Amino acid sequence: MPNFLQFIEEDVQSKKTLLSAMPTSTKTNKRKYNEKIASFQEKYEEYRVAIKKYLDLKSKSFHINDTRNPNEINEKVASLENIKFILNPTNGYFEKMGFDTLLYQMSNYQDLKFSCLKDIINALLDKFDMAAARPKKENFDYTYYINEFMSSFLDIRHSGSNNYDQLTEIFEKIYWESPELIKHLELNFRKLIKKNEKKFIDYISKLQSDIKVRSGLSYESCLEKLLVTYRELNSLCKENISDVICLAKDGTIDINNYFEDSKIRSTTFSDLLIDPLNMSDEITLNKFYDNIEKLTSNVEEFANYVKFSPLIIDFKNRYLKQGTQDSVQSKGRSKNNSALKEIESKISKAEKKLSKLNKKVINYKFLNFNKKDNNQKDTKFESIKLANELSVLYDTYNEEYFKEVVLSKVSETFTVTDLLYLYYSFDFYKKTAIKRVYEVNNYDEIVKYSDSFDLFALNPTNVIVCAAALYNEENIARVIINKYRLLNINITEEDLNPEDLNTFLEKLKLIIRVREIENSSISVEKIWFIREVNKIDIANSAE
Amino acid sequence: MKNKTKKADFDLSILKLSELISLNEKVVGFQQYLEENKLETENKGEDV
């Protein structure tokens, strides 16, 4: 008895023969011919629908649902990260309040729309409110224009209307007279933050005490708990059989490479072994798989290191001069300290002068003095000039400030991890370095790099960079190669070339996925079937 | 033949996975063939 496939094969053949034998010269013949075709189409559409229904049911029956739920553990991580952020001993109130991130955004206003600027200003003002340091209109006195802008802003903010349309008009008018308005606003906020330093310090101090009491954790115990939690999260979120099925289903991986007789599969295995392995010996095979998993983790860490090595090199060049590190540390620290104080003093003097200057202009708004407009104009111009000089002073101050932080941390045992953590703790400088090193001018791209950097920096399962005292790439590659060659795993320098890392990682992942499939209830053939049915679905939706 | 094919018609469970996919391809392939081989007819004119 023929099966349905055989039946269809024969039926198609006989129908094609029948159609080819039918006359089609006359109109009637053509009509009959088309009627025959229509009847065949109707029948085959019934077949197609029934077959598709069966394929769908069969495909669904093979699926392995992903029952993992990382929500709880993700919340635990987020909570611990928040505690770590507040208790971080590396940075101060400026970073803990989030001022660094907001002021970085403001200093890159050219990439932002006005509505973003409004959000940044409101976020800054919220932080002042949190520390009971609410600024008044007269505190925004960097220039006449800042005062005009922020007076309107504060009126709208305090009215609760959230309608900033009128402010857009004021901004447009002021901007042409003072194009550096936003830069001056940034400096005004910096001045106010400095002025209210004690309130912010007290606020953070109280927050830290509350967090310690509520969580029962210190900074060190928080780090220990994070390490454990991240390990749990990594283990939970590791690629499992449901992931492999999804990757195969949507064509991200080619499941044909996973069949036992696939040449790609067999050469991937054989290429990675120095001496051949007895694949039937379960213990040896499992050891091999375990080593490949560890190697994958190391190579992923190495790939991140390679990605961020321009930042590391930049840091070395800027802050650690060869051969003079010790002298920079001992003399540099005190030298830098006095340089920082000198700039602080210059800024303070200049800001006092600016404040006095602006009082003349700003107070005219409230007093109806009959002064000549020219005097006001000159004063306004003078204040903008001074504000611009302050902008340069602040740029120098910001550089010196970070230099001082670095010099206080750097030592002979300063590792890559220490550097990662330093940049993680100082968002403003990390983003400034990213922009400089990667020549990125788009704010969203800077944030992408920054988030990716933080993930790398925060990963407590890093092992290579913890010990690497600012090694270069070749040394780390050699360390990995040598370690795994001892375990019969064949890696070459070419495999760990930065350009070839992704290819090498895909080879390693193939092996891990083979293991995953073998340990599961599904076969390669069934996964292949799921993929084929999905392709049919895609073709049907395209029609 | 009809009775025999009726039994074979819906017993897809005896087919291997690769045969099931092949079956779908053949059915869809024949549908495309039928569509491509439809003849155009003119409404007007004599039956010649």
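Considering only alpha-carbon pairs that sit under 8 angstrom and 6 or more positions apart, the relative contact order computed for chain A is 24 percent.
Peptide B:26-38 is shielded by partner chain Cβ atoms: per residue, an average of 6 of them sit within 10 Å of its Cβ.
Can you return the aspartates and glutamates within cross-link range of A:Lys15? Criterion is Cα-Cα under 18 Å, with same-chain partners fewer than 8 residues away left out. By straight Cα distance, A:Lys15 reaches A:Glu35, A:Glu42, A:Glu45, A:Glu46, B:Asp9, B:Glu25, B:Glu35, B:Glu36. A P(r) calculated from all alpha carbon pairs of the range A:56-171, with 10 Å bins opening at zero, reads 10, 29, 25, 15, 10, 8, 3, 0 percent. Relative contact order of the range A:71-229, taken over Cα pairs closer than 8 Å and 6 or more residues apart, is 37 percent. Highest-first packing order for the peptide set A:21-32, A:339-350, A:522-533, A:376-387 is A:522-533, A:376-387, A:339-350, A:21-32, based on the mean count of other beta carbon atoms within 10 Å. Since only A:Asn497, A:Asn358, A:Leu185 are under comparison, the one whose Cα sits farthest along the positive direction of the charge dipole of chain A, derived from C-beta charges on Lys, Arg, Asp and Glu, is A:Asn358. Across the protein assembly as shown, counting alpha-carbon atoms alone, Rg and Dmax equal 35.6, 112 Å. When the Cα positions of A:Asn91, A:Leu458, A:Pro70 are compared along the charge dipole of chain A, A:Asn91 comes out farthest toward the positive end, with charges on each C-beta of Lys, Arg, Asp and Glu. Of all lysines in the structure, the ones whose alpha carbon falls short of 19 Å from that of A:Lys52, not counting any fewer than 8 places away in one chain, are A:Lys43, A:Lys60, A:Lys249, A:Lys526, A:Lys535, B:Lys6, B:Lys7, B:Lys16, B:Lys26.
When the helices of the protein assembly as shown are scored as -39500 (n - 2.57) per DSSP H run of n ≥ 4 and the total is divided over every residue, the value at 222 nm lands at -24000 deg cm²/dmol.
For A:Lys27, a cut-off of 18 angstrom between C-alpha atoms picks up these lysines, skipping any fewer than 8 places away in its own chain: A:Lys36, B:Lys38, B:Lys44.
Along the charge dipole of the protein assembly as shown, pointing to its positive end and built from +1/-1 on Cβ of Lys, Arg, Asp and Glu, which listed residue (A:Ile245, A:Pro310, A:Val479) has its Cα farthest out? The Cα lying farthest towards the positive end belongs to A:Pro310.
Coordinate-derived values only; no laboratory data. These figures come from a predicted structure and were not determined experimentally. Cβ atoms come from the backbone with ideal geometry, glycine included; neighbour counts cover every protein chain shown.
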